[in-house]
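We did not get these values from a lab; they are worked out from the coordinates using the rules stated. Nothing here was measured: the structure is a model prediction, and the numbers come from that model. Glycine also receives a Cβ, built like all others from the backbone with ideal geometry; neighbour counts cover every protein chain displayed.
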Amino acid sequence: MNTQDLHDHAIPAVGADPKAILEHISHLHEQDVAWKDGRAWSLIYYANEEHEQLLQQAHRLLFNSNFLNPFAFKSLQTLEHEVVAMTAKMLHGNEEVVGVVSSGGTESILLAMFSYRQRAAKLYPSITRPEVVAPATIHPAFDKAATLFGLTLRKAPVDENRRAIPGRMEKLINKNSILLVASAPSYPNGVLDPIEEIAALARQYQLPFHVDACVGGFMLPWLEKLGHKIPKWDFRVHGVSSVSADVHKFGFGAKGASVLAYTGMDYLKHQFILTTDFPGGIYVSPTILGTRPGGPLAAAWAAMKHLGENGYLQLAQQLMDGANKLRKGLESIACIEVVGDPCMNIISYTTRNNRPDIFVVADQLENKGWMVDRQQFPECIHLTVLPTNLPVIDEYLSDLKEAIAFAEAHPEATAKGNAALYGLMARIPFRGMVEKNVVKILEEMYSAGKFPTPEKEPEQKSIAESNPAWMGRLSRFLSWLKRIK
Ligand SMILES: *Cc1c(COP(=O)(O)O)cnc(C)c1O
């Protein structure tokens, strides 16, 4: 068969040969963000080529294994146990700490939220509308969990440094509260919440407390060892009952591995789901997935054993050196300010009084080939400093200066493309309208018969460009808003 047949949206009548298939996938992959050139400041946690090769080999060894049945795959049982134990030790947990390896930060958070809900239902049956109290900067995985498990997530405002305010969280605690959550640190601005003070609330109100260290779990322990002043946030803090830490972020594992650890079985046990009347036999499930791939677990174990403390410390040092250089560079630009008070190699920045427009600057950076993560409340650009970014920090700063010069020289420029989408979205006061429009974009992305292929759509269109009617409506609405103000 020729390669063109691979574009048909049907299983081919006759199977294609492996070479053509791999070429096709590689071809598709060419459209992806050039993360190896340091163009992405999120998403890919790549330590170095040797480490990458090891992860792939470890992954391949258990590629076909299935943790659905741990008795059939004792290897996975051992690896999970050891990954949890290594993580617990790194987080200063005692020997009572137990946990699971899940498929990622989101699954760890879903599991924690589910487990605490089950626990509350058992211990406090009078609570029929369970609530969880969080700072506003908490990750959307908690919203997802709340939606899935019928919980109400109450979000407290954060301070001007983007840090949780325990007093504001306390105001949201009531008789329906079942759990407190906070971040170490928050993803958008890299800010560490005051875990010890929130833990004091947890003790005072006898609530469990989950710390989301998905991004910081495998970074903050090394920063502390390197002498950075990091307030205590892990299992040393009395009142913290569980922690999520992603091996597939700064643990430098392969995608699909996160640790959820609790201070004891009293918490973990509520997360187990059993079906005793299934004709296929008694079915037990410690996590959310049914079939659980063994590859990511093997790679997680391999990553931790391969890097070792010395490897993690070295990477942490390099990343912080990079982050400090980047921060200094940003702060040397008069119109730029760093948002909040980041505790690790996550930096978000914006323009003072939005002059020039930060989203116009974002557009310019995108034109220069950078992948730009635009954020809102406040409007800013997110940078997680990754090993792949280290060689391009100077280039980024000089492109940023040019982008700012352009934006300053063109005050009439308005944010275009994706920037328009995010920019306009951030500026719409009615969040209901934002929600409606975003759902429309998703519906379109998933609509039947829509298969973007490189041949049919050579240039990648931004979401805004592929929704011109929608963008038109939005900008008319915004100009109307401006007029009535
Ligand atoms: C990445 C992240 C998550 C979610 O993890 P996924 O692996 O993307 O599902 C949750 N919380 C924080 C703080 C994160 O950085």
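Please give the charge dipole size of the chain, origin at the Cα centre, charges +1 on K and R Cβ atoms and -1 on D and E Cβ atoms. Round to the nearest 20 debye.
Taking the Cα centre of the chain as origin, the dipole is about 1740 debye.
Based on the Cα atoms of the chain, what semi-axes does the equivalent ellipsoid have, where each is the square root of 5 times one gyration tensor eigenvalue, given in whole Å with the largest first?
35, 30, 25
What residue among GLY280, ILE198, TYR124 has its Cα farthest toward the positive end of the dipole of the stretch 59-304, where the charges are +1 on Lys, Arg and -1 on Asp, Glu, each on the Cβ?
TYR124
Compute the Cα gyration tensor for the stretch 1-92, then decide on rounded, prolate or oblate, letting a ≥ b ≥ c be the square roots of its eigenvalues: rounded whenever a/c is under 1.5, prolate when a/b is larger than b/c in the other cases, and oblate in all that remain.
Taking the square roots of the gyration eigenvalues as a ≥ b ≥ c, the stretch 1-92 is oblate.
Compute the normalised compactness of the stretch 297-446: alpha-carbon radius of gyration over 2.2 N^0.38 Å, N being the residue count.
1.22
Which is farthest toward the positive dipole end of the stretch 59-304 among ALA85, ASN176, GLY217, measuring Cα position about the Cα centre, with Cβ charges +1 (Lys, Arg) and -1 (Asp, Glu)?
Among ALA85, ASN176, GLY217, the one farthest towards the positive end of the dipole of the stretch 59-304 is ASN176.
Can you pull the one-decimal nm distance between simple spin-label points at PHE278 and GLU96, each 7 Å off the Cα toward Cβ?
About 3.2 nm separates the two model spin labels.
Two decimals is fine: what's Rg over Rh for the stretch 197-238, C-alpha atoms, Kirkwood radius as Rh?
Here the Rg-to-Rh quotient is 1.03.
222 nm [θ] for the chain, helices only, -39500 (n - 2.57) per DSSP H run of 4+, per residue, to 500?
-13500 deg cm²/dmol
Once you charge only the Cβ atoms, +1 for Lys and Arg and -1 for Asp and Glu, what is the size of the charge dipole of the stretch 84-241 about its Cα centre, to the nearest 20 debye?
Once rounded to the nearest 20, the dipole reads 320 debye.
Give the residue list of GluC sites (Glu not before Pro) in the stretch 335-431 that are DSSP loop and have at most 11 other beta-carbon atoms within 10 angstrom.
Answer by residue number: GLU412.
Would you please put 306-314, 384-392 in order of how densely packed they are, using the mean number of other Cβ atoms within 10 angstrom per residue and starting with the highest?
Output ranking for 306-314, 384-392: 384-392, 306-314.
Whole-Hz Karplus ³J(HN,Hα) for the stretch 69-85, in order, using 6.51 cos²θ - 1.76 cosθ + 1.60 and θ = phi - 60°, x for Gly and Pro?
Result, ordered by residue: 10, x, 6, 6, 10, 4, 4, 5, 4, 5, 5, 4, 4, 6, 5, 5, 5 Hz.
First measure r as the distance between the Cβ atoms of LYS225 and ASP321, then evaluate 1/(1 + (r/R0)^6) with R0 = 22 Å and state the FRET efficiency to the nearest 0.05.
That gives a FRET efficiency of 0.90.
Setting aside same-chain residues fewer than 8 positions from LYS305, which aspartates and glutamates have a Cα under 14 Å from its Cα?
Within reach: GLU50, GLU52, GLU80, GLU82.
Could you tell me the extents of the stretch 99-252's C-alpha atoms along the three principal axes, largest first, rounded to whole Å?
Principal extents (Cα only, largest first): 48, 33, 25 Å.
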